[in-house]
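**Q** Here it is, the structure, as structure tokens.
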Amino acid sequence: MFDINGTLVSLDLVERFFCCDLNACLGACCVEGDAGAPLTEAEYQELKKILPDIWDDLLPRAQEYIRENGVGYIDPEGELVTSILDGRNCVFSYYEGGGKCMCAIEKAYREGRIAWRKPISCYLYPVRLKHFDDGTVAVNYNRWKICKSAEVLGRREKIRLYQFLKEPLIAHFGREWYDRLEATCQLYITTYLQ
């Protein structure tokens with residue numbers, strides 16, 4: 001692990017290649033799993049605030065579910081997460097041609113209808129943050145077979161995980177933090193991976 005300003009970063013971020021291949025995976029990360037995406041309380045409130053702006057992009061079943069159950073819930077581990085349909089689909093997902101599962105929040109952001117991109121757990125995916133009682137944060141790669149195509153594309157394009165996640169890492173940790181991570185990764189590559 002690297003220690004970047006008191007944040008513990010897994011070596012996977014430099015050793016693994018990654019570049020989402022939506023044509024291959026069809027957005028499976030918004031469908032598969034046994035719980036919704038982790039949320040902070042502030043993100044939960046933001047989801048409720050933007051709901052009218054994304055409402056028409058949601059699946060009718062998702063609209064019905066949200067009306068009855070809300071935008072989030074506490075999962076079996078005690079974490080606040082986004083609501084899901086049928087134990088799978090995120091309620092904020094919708095489908096485009098070819099069966100691609102897409103994010104209604106991201107769509108509204110890209111179209112300029114909202115200023116908030118999406119929960120940080122979604123923006124940083126496939127990285128997950130682990131918060132410890134002492135304030136330490138660990139940054140780990142959540143390896144999952146549904147992302148195999150992203151690893152293949154990343155290797156072909158020579159894009160390492162920390163490079164693929166540059167924007168969300170900067171959004172969450174700041175530019176100075178990312179610059180230090182990048183310099184550390186480059187030194188690690190030249191020292192250990194070449």
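**Q** Tell me which residues come under 5 Å, amide H to amide H, from Gly72 once H is placed; ignore anything under 5 positions away on its chain.
**A** Under 5 Å from the amide H of Gly72 lie the amide H atoms of Ser83, each far enough along the sequence or on another chain.
**Q** In degrees from 0 to 90, rounded to the nearest 10, what is the angle of the helix 175-192 Cα long axis to the longest principal axis of the chain?
**A** The helix 175-192 is inclined about 50 degrees to the chain.
**Q** Another one. Whole-Hz Karplus ³J(HN,Hα) for the stretch 46-59, in order, using 6.51 cos²θ - 1.76 cosθ + 1.60 and θ = phi - 60°, x for Gly and Pro?
**A** For the stretch 46-59, the Karplus curve yields 5, 4, 5, 5, 8, 3, x, 6, 10, 3, 5, 8, 7, 5 Hz.
**Q** Between (i) 54, 41, 33; (ii) 45, 38, 36; (iii) 44, 42, 33, which entry matches Cα extents along the principal axes in Å as derived from the coordinates of this structure?
**A** (i)
**Q** Could you tell me the center-to-center distance, by alpha carbons, between the stretch 21-99 and the stretch 125-194 in angstrom?
**A** The stretch 21-99 and the stretch 125-194 have Cα centres spaced 24 Å from each other.
**Q** Skip the ligands, DNA and RNA, and give the accessible area per residue of the stretch 46-194 with a 1.4 Å probe, whole Å².
**A** Values: 8510 Å² over 149 residues.
Heavy-atom SASA per residue in the stretch 46-194 reads 57 Å².
**Q** Over the stretch 128-190, what relative contact order in percent results from Cα pairs under 8 Å that are six or more residues apart? Could the numbers behind the result be given before it?
**A** On the way: 21 pairs, mean separation 9.7, N = 63.
It comes to 15 percent, rounded to a whole number.
**Q** Then there is this: To the nearest 10 degrees, how steeply does helix 60-69 sit against the main Cα axis of the chain, on a 0 to 90 scale?
**A** Taking Cα atoms only, the helix is inclined about 90 degrees.
**Q** Could you look at the stretch 24-157 and say what percent of its accessible area is carbon and sulfur, using a 1.4 Å probe and all protein chains? Provide the component values of the computation, followed by the final result.
**A** On the way: 3650 of 7310 Å².
Reported share for carbon and sulfur atoms: 50 percent.
**Q** At a threshold of 8 angstrom on Cα-Cα distance, excluding pairs fewer than six apart, so keeping six or more, what relative contact order does the chain reach in percent? List each step's numbers first, then the result.
**A** On the way: 266 pairs, mean separation 64.4, N = 194.
Normalised by residue count, the contact order of the chain is 33 percent.
**Q** Search the structure for amide H atoms under 5 Å from the amide H of Asp21, placed 1.01 Å from N in the peptide plane, and list their residues when 5 or more places away or on another chain.
**A** For Asp21, the qualifying residues are Ala150.
**Q** Using unit Cβ charges (K, R positive; D, E negative) and no other charged atoms, how large, in debye to the nearest 20, is the dipole of the stretch 66-147 about its Cα centre? Display every interim value, and only then the final one.
**A** Working: 12 positive and 10 negative charges, 92 e Å.
Dipole about the Cα centre, nearest 20: 440 debye.
**Q** If the cut-off is a Cα-Cα distance under 23 Å, which lysines reach Lys166, setting aside same-chain residues fewer than 8 apart in sequence?
**A** List returned: Lys107, Lys118, Lys130, Lys145, Lys148, Lys158.
The values are calculated or read from the model by the stated rules, or taken from the named source; none is laboratory data. Quick caveat, the model's predicted, so the values are computed rather than measured. As a convention, Cβ positions derive from the backbone with ideal geometry for all residues, glycine included, and neighbour counts pool all protein chains shown. Heads up: the accessible areas ignore ligands, DNA and RNA and are worked out on the full protein's heavy atoms, side chains in. Shrake-Rupley method; radii C 1.70, N 1.55, O 1.52, S 1.80 Å.
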